[in-house]
C-alpha cells in the first residue's frame, strides 16, 4: 500500500514538472527527444512507433479480435471454402497481447527518457548524444544488451508455447475439435471435468506418490554418484584420469533413447540377461513385465543413473576446478580428517554452486518422460486409471491427452501438475544458499 | 610414516578397484552395442550369450553405401550442422545470460531467476504444438536453421548452472578492474571469459550433445527424409535392421567421444587454484 | 474470388435442383445432388497442367524399386500434360492432419485404412468418385467398406483399396516330422494337419517341447493385438459395435470370446516366457531360420525378411548364394491360418472345426484435400490401381491385391487371403479414430494372459469365467479411455 501511494505521489510530481518536450514525447514517441536535438534516439523511437502502428493496422487488430472469437468460419476443403484456423488465431492473439505490452513499455521508456533528459537540462547539463547513450548501454546498462537477445528467444520458443498451453486449458481444443473445426473458449469446464472424474483422484494420488519418490531418489542417486565419481577422479593418487573419465563419457555419447531401447532389449525375456540366467539353469525373470512392479522401478532408477551420472560427473569436475585449494591445504595442515574436509569444505562449496543443478535434476527427473515410456510403455494396470504402476505423471498425461488428442485436458492437467511442482521447487530454491546468499564464496 | 605409506597404498588400491568396477558398468552396455554393430548377421539373436557369433564390417559398409532408403551420411551431416551451430550460438547466449544474472544487480533480476526456474517445470511436450505452429508461421518447417534457432534460443533457460559457477568467482576481481577503469564489457571479455573456460567447455559440450541426440524436435520440424537427423533416421529404421541401428548408434557416439578428448584438457586445467585468488 | 465463384456455383446447383425437380421425390434427389456437387466441386475432369504430385508411398515399395517404376510409367504417360509424380520423401506414417493444413503434406498418399479414415472428420482428404472407376466391381464390398464414410449425411468412398494385409502362418516345411503323411494327415488331403488346425499344431508343438531339445513348435508374441485378437473374434468377440463403426460399444468380451482367450492361454503353455513380451516378434526371423521355432504367425509383407535370414543360415552351412535362396524359398511356407476347434478345447481329438478370423488392414490410396491438382491426383490413383500396376506391385512386393482379377491371376496365398476377405474371415481394422485407445488395454490383457501361463502359485485366469471378467475389464478400460475425457 505504501509503495502504491509512493508511486502515485511520484506520478503527481511528474505531471507537475513535465516540460513541453516530455509532453511531446507523451503525444508522439520520440518527438521530445528530437526537440532536444537527440536525432538518433528520436528517430529510433519514431521508427518503433511507426512499426507498432503499421502492425496494428495490418494484422494486429484482426489478431486481437481473433483471440476472442477463435474463428467464425469453418473451412470446407470439399467445397473450396476457406475458413479460420482457430489454433493459429489463438497463438497470434497471444502474440498480439505480447506485442502490445512490449510497445507500451517502449512508450513508457520513451517518456521516462525524455523526463530524464529534462532533469539533466534543468540542472544545466546537456542532453546525451547518441554515442554517449550507446556507451552507457555498453557499461552501466550492460545487462540490458546482454539479456535482450536471450529474452527474445526464450520468450518466443519457451514462454509463448507455455502461455499457449495455459490458454488451451480453457478451450475445447482436442478430440474431434481440431482445425478445421472451430475451437471455443469454455472457461473452467476442463478443470471441472477432471475434478468430478471419480477415477481421477485415486490414480493421481498413487502416481504422484511414486513420482515424488522417483524424483527424489533418482536425483539423489544421480547427484551423489556423479559427485562421488568426480571426487574419486580428483584424487591425487589416481593416474590416467582422462582415460578413466572416458568410460562414463562413452555412456554419455550414446543418445539416451538408444540406451533405453538397448536396456529394454537387454532385460526382455529374449534378451541376453535372461539368456544367461537360463543358461545357468534358472527360470527366466520378467524384469520389466506386467508383474514386475518394484523390479521395473529399480531398473528404471539404475538405467536413469547410468544415463545421467556422466553429465553430473563432468559438471562437478568443472566446478571443482574453482574449489579453493588453499583452504583445503590449510585444513589438512590443521589436521582435519578427510571426511571432515569433505563435509566442511568440499560439500558446502559444491552444493552451493550446484543447487540449481540439483533443482534442474529434480525437475528433469520429475518430468522424465522417456525412461518408462521406452522401458515399459503400453501397459494399463488394475487399480490405475489408464496408467501403469511405473508411469510418472507425465506418462499418464501422455496417455490421457496426447495419445488421444485431448489437448485441452492435457493442458489442464499439466497446469495442475505444474502448479504443484513449481511451488515445491520454488520453495526449495528460495530457501537454498545459492539463492539467498549468492556471494558467500566471492 | 610407514603406516601412512601403507594407508596410501591401500587407499590407492581401493580407489582404483572402485574405478575399475565403475568403468565396467559404463563400458559393458556400450561394448555390447559396439560389438552388435560388427555382428555379421543383421539380427541380435544369432548371439552366443552376450556377443555375436561372427563379426564383419558389412554393417558399416551398408550404413554408408546403401543410402537409397536410409541415407545415413546425409543424416549425419544434418545432425552435425544442427549440433555445431546450436552449440556455438547456445553457449554464447547461456554464458552471456549467466554472467549477467550473476554480476548485475537490477530490478527484475530475482523475478527472472524465479521465473525461469518455474518455466522449466512445464511439461515440455505440451508446448510442442505451439512450437510447431509458430514455425509454420515463420515458414521454417523443413529447414535445419529452424531447428537450430529453437535449440539455441531456448538454451538460456538452463543458465542457472553457469550462474552458479560465476557466483563462485570472487567479486574482488571485478572491483580491481573497475578501479583500473575497465568497462563492464571489458571486464567480461578480458577477465570472466578466460576464467570461465571450464564452464564454457562444459556448456558447449552439453549444448552440442543435446541436439546431437534429441529426436523429438527434429521429428516435429523436419518432414523430409533427406533432412532427417541421425536420431530421427534411426527411429525410422525397420524392426529387423538391428545391427544397422547399432552401427548408426555407435557411429553417432564417435564425434562426442572425440570432442571429449579434445576438450577435456581445457575443462580440467582451465585454471589453477592460485589464478582465481591472485 | 475463387471462393465466391464456388459459392455461387454451389448455390446455383442446389437452386437448379430445387426448381427442376419439384414433382419427383425431392428428399432423395437433394441428397444425390449434395454428393454430386461435392465430387463435382472437387473434380472438374480437366487435368491440371505442369504440376508436380508429391506421392507418399510405403517404405517397402520404395525399397524394392516398385515405386520408381510406378512414377516413371506414370510420368511417361502424362508427359504431354507436364504432370510429374515424385516421392514425397516423408515418413510413411506421417500424419496428413498435422502436415496438410500448413502446406507440407503429400498430394497422394498410400496408407492403411485406419490411418486414412482418421483424416475424414477434418476433411483432410477428398472423396473419390469410386463408382465411376472401371474396376469398381472388381474390389469386394468388404474392402470398399473400409473406405466408406458418412459425411454431411451422405456416404462417400474416401480411398481406393490396393492391398490386403492380414496374418498368415509361416512354417518350415523341412521341420515337419518325416512320417507326417501317415501320422499327421487324418483327412488325407496331402496337407499336414498341424498347419490345418490348431489342435494338431498344439499337439505337435507339445511333442517338440517335450522332446527336450530346446526347440519349439508354434511361437508368437501374444501381447500383439493384431495377431491375438483374431482368437477372440473367432468366438464372437468384436472391437466396436455395428460392425466396428460404433465406438460407444466395445465387445471384446462378447459371445464366447473367453474361449478364444483360453486357446491363447493353452498355446502359451507350449511356448516359453518370450511370448510375454515382444521378444518373439523380433527374434522370430532368425529363430525360424536356425530351426529353433517351427512356425509363427505374421503378415505376408515380411516374407522377404524370413527368406533373407533362412538363406543366410543355409549359406553358413556352405551352400552357394543361389542354392541357399532356392532352398529357403522351398522350405519356408506361407499358409492360411489353421482352423480352430468349435469347442475351444485344443486337446480334443477329431474336433469340429471353425475357420479362424483374423484382424486385417486394407492399404490404399487417398487424395489430400490440400492438393492443388485434384484431377491429376485422381489420374495418378487410377493409374496406380490399374490391373498392370497392381500385378507389378504383387510381383515385386508380394503383397496381396484387393482386386479380384489380380488376386485370381496370382493365385496361391493371394487367393486364400482374398477369399478370406470375401467370406468375412478377415476383420478389417476399424476405421474410426477411437481405435487408438484399443491397443494399450488389450495389449496389457494379452501380456497378462501370456504371463499367467508361467505363473506358478498365483495364477489369475484359472477358469473361463475369470478370463471373461478380465475381458470385461478391458472393454471398460477402452470405453473409459474413449469417453470419460471426450468433449
note = the range A:335-442: helices (runs of 4 or more DSSP H) wholly inside it with 3 or more residues that are under 30 Å from residue A:163 (Cα atoms) and in contact with a strand residue (DSSP E or B) (Cβ under 9 Å, 6 or more places away or on another chain) are A:407-431
message = Tell me the residue from A:379, A:427 that is surrounded by fewer than 19 Cβ atoms within 10 Å (Cβ to Cβ) and either modelled with pLDDT under 80 or more than 10 Å from chain B (Cβ to nearest Cβ) (or both), please.
response = A:427
inquiry  = Condition (residue is out of contact with any helix residue (DSSP H, G or I) (no Cβ under 9 Å at 6 or more places or on another chain), assigned by TED's automatic domain parsing to the domain that holds residue A:374 and modelled with pLDDT of 80 or more) applied to the range A:402-421: is it met by at least one residue?
reply    = yes
request  = Select the strands (runs of 3 or more DSSP E) contained entirely in the range C:43-150, then report the ones holding at least 2 residues which are surrounded by fewer than 18 Cβ atoms within 10 Å (Cβ to Cβ) and over 24 Å from the mean Cα position of the chain (by Cα).
outcome  = C:84-87
task = Return the total of residues in the range C:452-481 being closer than 28 Å to residue A:402 by Cβ and either more than 29 Å from the chain's Cα centre (by Cα) or within 8 Å of chain A (Cβ to nearest Cβ) (or both).
result = 4
request  = Mind telling me which of the residues B:129, B:187 ends up being within 7 Å of chain A (Cβ to nearest Cβ) and modelled with pLDDT of 80 or more?
outcome  = B:129
note = Checked B:148, B:95, B:141 against criteria (more than 7 Å from chain A (Cβ to nearest Cβ), in a loop (DSSP other than H, G, I, E, B) and in contact (Cβ under 8 Å) with a residue 24 or more places away in the chain); the one match is B:141
key: Residue list for the range A:223-259, filter: crowded, with 21+ Cβ neighbours inside 10 Å and outside any helix (DSSP H, G or I)   = A:254, A:255
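To keep it simple, each residue is scored yes or no on (1) surrounded by fewer than 20 Cβ atoms within 10 Å (Cβ to Cβ); (2) under 27 Å from the mean Cα position of the chain (by Cα); (3) more than 8 Å from every other protein chain (Cβ to nearest Cβ).
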site	(1), (2), (3)
A:361	no, yes, yes
A:385	no, no, no
A:394	no, yes, no
A:403	yes, yes, no
A:409	no, yes, no
Candidate set: the range A:260-295, residues that are more than 12 Å from chain C (Cβ to nearest Cβ) and surrounded by 20 or more Cβ atoms within 10 Å (Cβ to Cβ); chosen: the one farthest from residue A:228 (Cα to Cα) = A:262
message = Please determine whether any residue of the range C:408-430 is exposed (fewer than 15 other Cβ atoms within 10 Å of the Cβ) and either closer than 20 Å to residue C:235 by Cα or touching a strand residue (DSSP E or B) at 6+ places or on another chain (Cβ under 6 Å) (or both).
response = yes
query = What are the residue pairs meeting all of these: first residue in the range C:133-161, first residue at positive phi, second residue modelled with pLDDT under 90, Cβ atoms under 8 Å, and 6 or more apart or on different chains?
reply = C:152/C:34; C:152/C:38; C:153/C:31; C:153/C:34
inquiry  = So residue A:116 ticks every box in (1) in contact with a helix residue (DSSP H, G or I) (Cβ under 7 Å, 6 or more places away or on another chain); (2) away from chain B (no Cβ under 13 Å) but one. Which box is left unticked?
reply    = (1)
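The values are calculated or read from the model by the stated rules, or taken from the named source; none is laboratory data. Source: prediction; values computed, not measured. In this analysis, Cβ positions are derived from the backbone assuming ideal geometry, glycine residues included, and neighbour counts consider all displayed protein chains.
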